[in-house]
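So that we are looking at the same thing, I have put the structure below in C-alpha cells.
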Amino acid sequence: MQKLFQNAQIAQPDGMLLAVDILVTDGIIEKFSPALAEPAPAGVAAIDLHGLFVMPGGVDGHVHFDDPGFTEREDFGTGTMGAAAGGVTTIVDMPCTSLPPVTTSDNFKTKMRAVESKAYVDYAFWGGTTPTFIDSGTFRRLLPELKKLGVVGIKAYTISGMQTYPRLDTRQMVMLFEAARDFNMLVAVHAEDYFLATYYTDKIIREGRSDPLAYKDGRTYDAEPLAVSTVLALARREHTRVHIVHMSTSAGVDLVRQAKGQGIDATTETCPHYLLLNREDFVRLGSLAKCTPPLRDRYDNEVLWAGLLDGTIDYVTTDHAAGIYPREKVTDNIWNAYAGMPGVQLRVPLMLYEACAVRGMNLYRFGEIMSTNPAKRLGLFPRKGILAVGSDADFACIDLNAPMTVHAEDLYAKNKYTPFEGRELRGVVRQTFVRGSQVYDSSGEFPARAGYGKFIKAV
Ligand SMILES: [Zn+2]
C-alpha cells in the first residue's frame, strides 16, 4: 500500500525547513520529492499535511508504563495514547516497574503478552537483572537470552525505591559490567550513591522534617556525582558501554563531559523537569513535584542546558512514572508521596518551545535530541529516529505557531497531573503517524486501533 504525504516541512541539517512530499510504501519511506511538484499517482492515497513541520517521530528512551503489575498508575494503553498525542512514536519501557520485572525470558514473554494488545505506538523494552541472579552467576545465562529477545540493554540501580527490583552494590555492578561487555550490551544506571542518600535522609527524618526541601536535602546533591563517578570508572576499567539516566546535577554533567573526552563509551540523558524546574518549583508545588532524583537548583538547570546544547547530554527522556493521583501524590508529608510524574505527552511540546523558541536550538538538532540520538544509542536506528529512505514512516506533524497551554486534564495518562500546569508554549502536535498510519489527531481521535503498536527489537 502506497501513501503520498504532501507538503511537509522537514528540517535540513542547517536547521532550515524544506517543503517536500514523502512517498511511503507499506509503512516505509520510499522517496522524497519537492512539495506538490506532481500529483499523487493513481492508486496512491494522498495525505495533505498543509505545511506542518514534520519531524522524525519522538523516541522516549525512558518510561515506566507499569504494565503488568502496577496498572493503577499507568498501563500500556493510556501510556501509549499519551505518547501518540505527544508526537512520540516509539517508547522504551523500563524493566523494573512491572511485575514480574523483565529479568528472564519467561518474564519478558509475560510482559509482552500483557501489553501487545494495548499499544498505540511502537515500543521496545529495557531488560534487567537482580543481585540474586548476579551472586548465583545465573545472570550470565539470562543476559544473552534477553539480548536475543531484543531488549535495548540492562537497567541497574545504585539506589532503588522498589522492593521488587533491588539495587546492586559496587561489586555486583562490576560483575554486571564485565558480563555486559562480554555480551556487547548497553548498561543504563540510575546513579545516586546509596549510602550518602540514605544517611542524610535518615538523619533529616530523625530531625522531624517532612517539607519538600527535606526530601531534596536528604537525597543529597553529592550522591549523584559520587555514583556517576563510580559508574564511569567501571565503564573505563571494564570497557563497557554505559548510559546514565535522568542526569540532574551540574557536577554529573561535568563528569560525563570529561569521560567522553577520555574516550569512555558513556552517554547520558536528562528530562524536561530537570531542565525547567528547580527548588523554587518544588517549594511551590510540594509533593506533586517529588521525583527521583529530586529537582535541583537554578544553576543546575543552566549547566544541564549547556550540556544539552554542546552534546554532552545526548538526548531527552521523560522518566514518565505516574503515581496514583491524588492518593499517592498529594500529601503534606513529603516522605509519603510517590516519586515521579507522567511526562511522555509533554516532552515534544515543552522541549520544542524551550529549546528552539527560547534557547535557539535549530529544528534538525531538535530531531536529534528527541529521536535520532536515543534511537542510535538503543539499537533502534535507522529503522527508527530519522526521516530517511528505508526508515519507518514515523512522523510527528506539528503546527509551529499554534499556542498551547499545559493542562493536566488534557493528558491521556491514567493519572492526570503535571508540574507544568498553566505553562504557555508554542507548537502543537496535530497528527502523529507510526509506520505510515495515523495514530493520533489533535481533534482527539486515535484512528489506529489499540494493539497497532509493535514491539521493536533492538539490534
Ligand atoms: Zn526511571
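Give the residue, chosen from A46, A19, A40, A35, that is modelled with pLDDT under 95 and open to solvent by less than 70 Å² (accessible area, probe 1.4 Å).
Among A46, A19, A40, A35, only A40 is modelled with pLDDT under 95 and open to solvent by less than 70 Å² (accessible area, probe 1.4 Å).
If you don't mind, there's one more thing I want to ask. Looking only at the range 406-433, which residues are outside any loop (DSSP other than H, G, I, E, B) and either surrounded by fewer than 24 Cβ atoms within 10 Å (Cβ to Cβ) or not aliphatic (A, V, I, L, M) (or both)?
Answer for the range 406-433, where residues must be outside any loop (DSSP other than H, G, I, E, B) and either surrounded by fewer than 24 Cβ atoms within 10 Å (Cβ to Cβ) or not aliphatic (A, V, I, L, M) (or both): A408, E409, D410, E424, L425, R426, G427, V428, R430, Q431, T432, F433.
Here is a follow-up. Return the residues of the range 314-359 that are of a type in the set (A, V, I, L, M, F, W, C) and not in a loop (DSSP other than H, G, I, E, B); say none if nothing qualifies.
V316, I334, W335, V348, L350, M351, L352, A355, C356, A357, V358
Which one of D314, D332 is under 17 Å from H246 (Cβ atoms), more than 16 Å from the ligand (Cβ to nearest atom), in the same structural domain as G77 (by TED's automatic domain parsing) and acidic (D, E)? Walk me through how you get there before you give the answer.
Details: D332 fails: under 17 Å from H246 (Cβ atoms).
Sole residue among the options that is under 17 Å from H246 (Cβ atoms), more than 16 Å from the ligand (Cβ to nearest atom), in the same structural domain as G77 (by TED's automatic domain parsing) and acidic (D, E): D314.
Let me ask something else. Which one of P382, P403, P374 is open to solvent by 50 Å² or more (accessible area, probe 1.4 Å), of a type outside the set (S, T, Y) and touching a strand residue (DSSP E or B) at 6+ places or on another chain (Cβ under 6 Å)?
Every option except P403 fails the conditions.
Would you mind stating whether V187 is touching a Gly at 6+ places or on another chain (Cβ under 9 Å), farther than 19 Å from L255 by Cα and at pLDDT 95 or above?
The answer is no for V187.
On the basis of being within 15 Å of the ligand (Cβ to nearest atom) and closer than 20 Å to E192 by Cβ, does P342 make the cut? Break it down into steps so the answer makes sense when it comes.
Values: within 15 Å of the ligand (Cβ to nearest atom): yes; closer than 20 Å to E192 by Cβ: no.
Taking the combined requirement at face value, the residue does not satisfy it.
Could you tell me how many of the residues in the range 62-77 are within 16 Å of the ligand (Cβ to nearest atom), charged (D, E, K, R) and under 22 Å from H407 (Cα atoms)?
The qualifying residues number 2.
Regarding the range 78-101, can at least one residue be identified that is away from the ligand (no atom under 16 Å from the Cβ), closer than 25 Å to V348 by Cα and part of a loop (DSSP other than H, G, I, E, B)?
Within the range 78-101 (the criterion being away from the ligand (no atom under 16 Å from the Cβ), closer than 25 Å to V348 by Cα and part of a loop (DSSP other than H, G, I, E, B)), the answer is yes, since at least one residue qualifies.
Further question: I need the full set of residues from the range 282-301 which are away from the ligand (no atom under 16 Å from the Cβ) and of a type in the set (S, T, Y), in order please.
S287, Y299
Report the residue count in the range 42-70 for those that are in contact (Cβ under 8 Å) with a residue 12 or more places away in the chain and part of a loop (DSSP other than H, G, I, E, B).
Residues meeting the conditions: 14.
State whether the residues of the range 148-156 include one that is modelled with pLDDT of 95 or more, away from the ligand (no atom under 16 Å from the Cβ) and open to solvent by 40 Å² or more (accessible area, probe 1.4 Å).
Yes, there is a match, as at least one residue in the range 148-156 is modelled with pLDDT of 95 or more, away from the ligand (no atom under 16 Å from the Cβ) and open to solvent by 40 Å² or more (accessible area, probe 1.4 Å).
Among what's in the range 38-51 and is touching a Phe, Trp or Tyr at 6+ places or on another chain (Cβ under 9 Å) and farther than 18 Å from A448 by Cβ, pick the residue that is farthest from the ligand (Cβ to nearest atom).
Out of the qualifying residues, it is A46.
Run R73 past the list (1) open to solvent by less than 20 Å² (accessible area, probe 1.4 Å); (2) in the same structural domain as L350 (by TED's automatic domain parsing) and report the number of the one that doesn't hold.
Answer for R73: the failing condition is (1).
The values are calculated or read from the model by the stated rules, or taken from the named source; none is laboratory data. This structure is a prediction, so every number in the text was calculated from the model and none was measured. For neighbour counting, all protein chains shown are included, and Cβ atoms are generated from backbone atoms with ideal geometry for every residue, glycine included. When the accessible area is computed, the model is the full protein with side chains, heavy atoms only, and any ligands, DNA or RNA have been set aside. Shrake-Rupley method; radii C 1.70, N 1.55, O 1.52, S 1.80 Å.
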